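Below is one structure; the comments refer to it alone.
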Amino acid sequence: MATVYLDAVLEPPRSLSPRGFNRVMWLFVALSLVPGIVFYAMGAWPIVGFLGLDVLAVWAVFKLSFRAQTARTYVRVTAEAVDVRKIDGWGRERRASLSSYFARVEFDRAAQGPNALRLAAAARSYPLGEHLTPRERESFARRLSQAISEARRERHDETEA
């Protein structure tokens, strides 16, 4: 069985727990209900519907955000290959497998967003850690580079033997 030098799961940070989400939504409902009652008492009953649409819009945005937080990136480094498997919030999966001998880590401290950290080989590159903080991205880049170096060393030692 091949030695695994790195087996990492990168996931977006969770902004709000389900319990916190329920509390925020109840607070928002209460804050919309008070003016809704006032406007209804004044005879402006259509405004109540618009306040309800506001609550629905906030709920929908939170749900989309929670779906995006289910995205995962799996990175596995062995002597033979560096495998990357990305699963987005909708469950779509993309895979890439690069030879560990030719794989390299490209890290740009000045860049922001998806191109700050990439795994590359030849003319292909794959962005990694889009949701990581700059410090986490730098730490992961160091660890990934180290794992690839160790995998190359094992592969090189095998070819000499």
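Give me the number: length gained by fully extending ASN22 to ALA122, i.e. 0.36 nm times residue separation minus the C-alpha to C-alpha distance, one decimal in nm.
Working it through step by step, the gained length comes to 31.2 nm.
Can you put ILE37, ILE148 in order of Cβ neighbours within 10 angstrom, beginning with the fewest? List each step's numbers first, then the result.
On the way: ILE37 11, ILE148 22.
In order of increasing Cβ crowding within 10 Å: ILE37, ILE148.
Please check which bits of segment 1-35 a label hung off ARG142 would reach, taking the label as a point 7 Å along Cα-to-C-beta and the cut-off as backbone N under 20 Å.
Of the residues in segment 1-35, 5-11 have backbone N under 20 Å from the label point off ARG142.
How many nm separate the modelled label positions at ALA96 and GLU130, each set 7 Å beyond the Cα in the direction of the Cβ?
About 1.2 nm separates the two model spin labels.
Between ALA30 and GLN112, what's the calculated FRET efficiency when r is the beta-carbon distance and R0 is 45 Å? Round to 0.05.
After rounding to 0.05, the efficiency reads 0.75.
Measuring from label point to label point, each 7 Å out along Cα→Cβ, what is the TYR40 to TRP59 span in nm?
1.6
For segment 18-68, what size does the Cα cloud have along each of its three principal axes, sorted from largest down, in whole Å?
So the three principal-axis extents are 41, 17, 7 Å.
Take the Cα of ARG14, step 7 Å along the line toward its Cβ, and report every residue of segment 122-147 whose backbone nitrogen sits under 20 Å from that point.
Counting only backbone N, you get 130-133.
Over the chain, what relative contact order in percent results from Cα pairs under 8 Å that are six or more residues apart?
The normalised contact order for the chain reaches 22 percent.
Translational D (Stokes-Einstein, µm²/s) of the chain at 4 °C and 1.567 mPa s when Rh comes from the Kirkwood sum over C-alpha pairs?
68
Which value in deg cm²/dmol, rounded to the nearest 500, describes the helix-derived mean residue ellipticity at 222 nm for the chain, given -39,500 (n - 2.57) per DSSP H run of n ≥ 4 and division by the residue count?
Mean residue ellipticity at 222 nm (helix-derived): -16500 deg cm²/dmol.
Binning at 10 angstrom from zero up to the longest distance, how are the C-alpha pair distances of segment 53-120 distributed in percent?
Pairs per bin, as whole percents: 17, 33, 30, 13, 6, 1.
Read-outs: derived from the displayed coordinates by stated rules, not from any lab. Nothing here was measured: the structure is a model prediction, and the numbers come from that model. Note that we place each Cβ from the backbone using ideal geometry, even for glycine, and neighbour counts take in every protein chain shown.
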